[in-house]
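Reviewing the structure listed below.
The values are calculated or read from the model by the stated rules, or taken from the named source; none is laboratory data. Remember, predicted model here, so these are calculated numbers, not experimental data. Virtual Cβ from ideal backbone geometry, glycine too; neighbours counted across all protein chains shown. Side chains included, ligands, DNA and RNA excluded: accessible areas come from the protein's heavy atoms. Shrake-Rupley method; radii C 1.70, N 1.55, O 1.52, S 1.80 Å.
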Amino acid sequence: MGRQNLELDFFGGEPLMAWETVKATVDYARSVEKQHGKNFRFTVTTNGMLLDDEKIEYINREMSNCVLSLDGRKEVNDNARPTPNGKGCYDIIVPKYKKLVAGRVNEGRTDYYVRGTFTKYNLDFVEDVLHIASLGFDQLSVEPVSAPADAPHAITEDDLPKIYEQYDKLYEIMAESVEKTGKKPFNFFHYMIDLDQGPCAVKRLRGCGCGNEYVAVTPDGDIYPCHQFVGIDEWKMGNIYTGDVDPKIADYFAKTHIYSKKGCSDCWARFYCSGGCNANGFIYEGDVRTPFKLQCAMMRKRVECGIALAVKVKEANAAAEET
Amino acid sequence: MKHIKTINKANLKETAAKGGCGKCQTSCQSACKTSCTIANQQCEANK
């Protein structure tokens, strides 16, 4: 069966450094999609440094989603994202993000994320979520870092109590807003849960779809199951220039689901997270089919908060209908 | 007093029968790069 919707996500590295390639790819896809009955959806993830008016206009016209990297408070962001002269990038990128987002919001669109990463250095990451919201952005994602366990900024099990406390705090803030106004103050990516018309059971079983529905292609044309596997030889699936693709790896991932992963069948959150990140299993537990325990712990907490918030919103909507 | 409220009805069986069409977003894109949550994605089968 041919797929109608095809998605292409430019991220890196920094895709705006290859802007002409991005444009050539998008323009070519647009020129042929109708004749083949396809619908391309492009997304771009950028650190914002090279954004200018021309790129903003193009992104807002062509990209169905865009992800703008910002780690939160100026000092947090600039510590993690220094420019070559040692200064941080916060003051450069925030005005550009505001301009880009205004262009989308003016058209009634909410298809963007301002996305940050939290590390051991900013375990009080709710402050960063609130800071990003205070800048006027309302589609937010702040996610735990993926880093080698011995890296100084890596999150470890010792950090979990603090992280749980922060997720609870964020829930309380959002829930209070729902109670007072009937609406969430902003969207937080990890608390978005669709209890009614969410993904089908098939999707929930097989999870992220890497290696089959989704692959990563490097600048050299090498194909990997996803961006997290890039550079690990045993997971190289093929190359777009030679046309070789190893079906064994695709088949392995097709058979990787919540009933073939260790521990998932006993976990209440299995139909929400769908087995977690395959690459993290490999990188941190040494096995794709063994979910990364630290990620599982955080995921369960987020799902718990997401469900609680969804219930709050439902109750607020029901109350509004009654009045 | 009613202590348990049903907030949505189970629909997984129904979606198992007609799901898997592949129209929806591939999962590990956009905001998520390493911590994908499937349950926040939209079904696009009826769009």
Segment A:35-141: translational diffusion in µm²/s, Stokes-Einstein, Kirkwood Rh over Cα pairs, 37 °C, 0.692 mPa s
226
With label points set 7 Å from each Cα along the Cα-to-Cβ direction at A:THR83 and A:THR156, the distance between them in nm comes to 3.5
Could you report the accessible area of A:PHE282 in Å², rounded to 10, computed with a 1.4 Å probe on the protein chains as they sit in the structure?
40
Spin-label model distance (nm) - A:ARG300 vs A:LEU135, 7 Å beyond Cα toward Cβ
3.4
When the chain is fully extended, how far beyond the present Cα-Cα distance does A:GLU172 get from A:ILE232, taking 0.36 nm per residue of separation?
17.5 nm
Mean Kyte-Doolittle of at least -1.0 plus a Cα span of 27 Å or more along the axis: flag which DSSP H helices in chain A meet both, please.
A:160-181, A:293-322
Residues meeting the amide H criterion for A:VAL67 (H placed from the backbone, H to H distance under 5 Å, 5 or more places apart or on another chain) are A:VAL44, A:THR45, A:THR46, A:TYR113
Which value, in Å² rounded to 10, gives the accessible area of A:GLU234 with a 1.4 Å probe and all protein chains present?
120
Assigned charges on the beta-carbon of Lys, Arg, Asp, Glu; the protein assembly as shown dipole about Cα centre (debye):
1180
Charge-dipole axis of segment A:235-295 as Lys and Arg at +1 and Asp and Glu at -1 on Cβ define it, positive-most pick from A:GLY281, A:PRO247, A:CYS267
A:CYS267
Per the charge dipole of chain A (beta-carbon charges, Lys/Arg positive, Asp/Glu negative, Cα centre), the residue among A:TYR90, A:MET174, A:ALA147 reaching farthest to the positive end is A:MET174
Please give, to one decimal in nm, the separation of the simple spin-label points placed at B:ALA16 and A:TYR121, each 7 Å out from Cα toward the Cβ.
4.7
Taking the alpha-carbon set of the protein assembly as shown, what are its Rg and Dmax in Å?
20.5, 68
Could you pull the Cα extents of segment A:163-312 along its three principal axes, largest to smallest, in whole Å?
59, 33, 29
GNM flexibility winner over chain A from A:LEU195, A:LEU70, A:LEU309 (Cα, springs under 10 Å)
A:LEU195
Sorted by accessible area (1.4 Å probe), largest first, how do A:THR46, A:THR218 line up?
A:THR218, A:THR46
Note to self, the protein assembly as shown gives a 222 nm [θ] from helices alone (DSSP H runs n ≥ 4, -39500 (n - 2.57) apiece, / all residues, nearest 500) of -11500 deg cm²/dmol
